Each structure stands twice: as structure tokens, then as C-alpha cells.
Amino acid sequence: MLAGAVGIGLGFGLQNIVNNFVSGLIILFEKPIKVGDRIEVDDVEGDVVRISGRSTEVLTNDNISIIIPNSKFITENVVNWSHTDRKVRFRIPVNVAYGSDVQLVERLLLQVAAENKDVLEQPRPACG
């Protein structure tokens, strides 16, 4: 009887591992995500740096490495910002104090964007 209970427990534990492994094979063959893609799944957003059989490693903007089980990419909604094109537009909210010169703030933000080598000239950055 004890062996049967251990067997059932082991079966349930292996089910999750097999699920993640099969999901990893699906990811590697179908390529809904690939290394270098900018993705968002659950509340995690970042760049895919490694895909293995059981999990995928995502590096966030804060340089935090998050390991996500591959089954998440099969069962959850996944936003792939760069699936077809590496050019992505980020919306960055900026708060300014009441009474600030809004035109000056806009001019400074666009100047900073123009001086950043990672910001594309086309399409042009915008404020609004």
C-alpha cells in the first residue's frame, strides 16, 4: 500500500516535469519565442536569454534573471514584442510638477531621446 502511494505521488510529480519538457519541445520546434525576443508573460517582462528543455530564462530591465517553466508559454497568454521585428516602441510615463513648463519638458525629453544611441530616428520618438 505504501509503495502504491509513493508511486502515485511520484507520478504526479513527474507529470509536471514531463509537461514542462514537452512544452519546451513545442517552443523549440514551433518557435513562438526565441532567444533575444522581448516577451511578457504573467507579470514578467524582459528578454529571452535561454530556452532549455524544462524552463526559459528571461532577463528583466532590472537585470534580474527569472526562470519560467515552459508550460507557462503554452497555457498562458504571451506577448512577444519582437516576434517579427526587433524594433519596439516603449511608452514611458513621465510625471512633472504642476506649473512646469510642459513645452520645455517635452523638448528636453526629445533631446535626451535623440542623444540615446538605442533610440531610432525613424519612427521618430514622440511626446504626448
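The values are calculated or read from the model by the stated rules, or taken from the named source; none is laboratory data. A quick note: this is a predicted structure, and the numbers were derived from the prediction, not measured. Glycine gets a Cβ as well: all are built from the backbone with ideal geometry, and neighbour counts include every protein chain shown. Note: accessible area is taken over every heavy atom of the protein model, side chains too, but ligands, DNA and RNA are not part of it. Shrake-Rupley method; radii C 1.70, N 1.55, O 1.52, S 1.80 Å.
Would you indicate which of (1) 17.9; (2) 14.2; (3) 16.5 is the value of Kirkwood radius over Cα pairs in Å derived from the coordinates of this structure? Here Kirkwood radius over Cα pairs in Å agrees with entry (1).
Summarising the amide proton neighbourhood of SER82: residues at separation of 5 or more, or on other chains, whose placed amide H is nearer than 5 Å comprise ARG38. Counting only protein heavy atoms and a 1.4 Å probe, the chain has 77 square angstrom of accessible area per residue. Each residue of region 57-128 gets 150 Å³ once the volume of the Cα convex hull is shared out per residue. Between the residues VAL102, GLN122, VAL49, the greatest Cα displacement towards the positive end of the dipole of the chain, with unit charges on the Cβ of Lys, Arg, Asp and Glu, is found for VAL49.
Counting each DSSP H run of 4 or more residues in the chain as -39500 (n - 2.57), what helix-only mean residue ellipticity at 222 nm follows after dividing by all residues, to the nearest 500 deg cm²/dmol? It lands at -12500 deg cm²/dmol.
Compared with the dominant principal axis of the Cα atoms in the chain, helix 102-115 is inclined by about 60°. GNM remark for the chain: springs join alpha carbons under 10 Å apart, and the peak mean-square fluctuation among ARG86, ARG107, ARG38 falls on ARG107.
On the principal axes of its alpha carbon atoms, region 37-93 extends 34, 23, 18 Å, with the longest extent given first. Quick one: Debye curve from the alpha-carbon atoms of region 89-128 only, equal weights, vacuum; give me log10 I(q)/I(0) at q = 0.20 Å⁻¹ to two decimals. Values returned for q = 0.20 Å⁻¹ are -0.64.
Distant-in-sequence amide contacts of SER52, defined by a placed amide H-H separation under 5 Å and a gap of 5 or more residues or a different chain, comprise GLU57.
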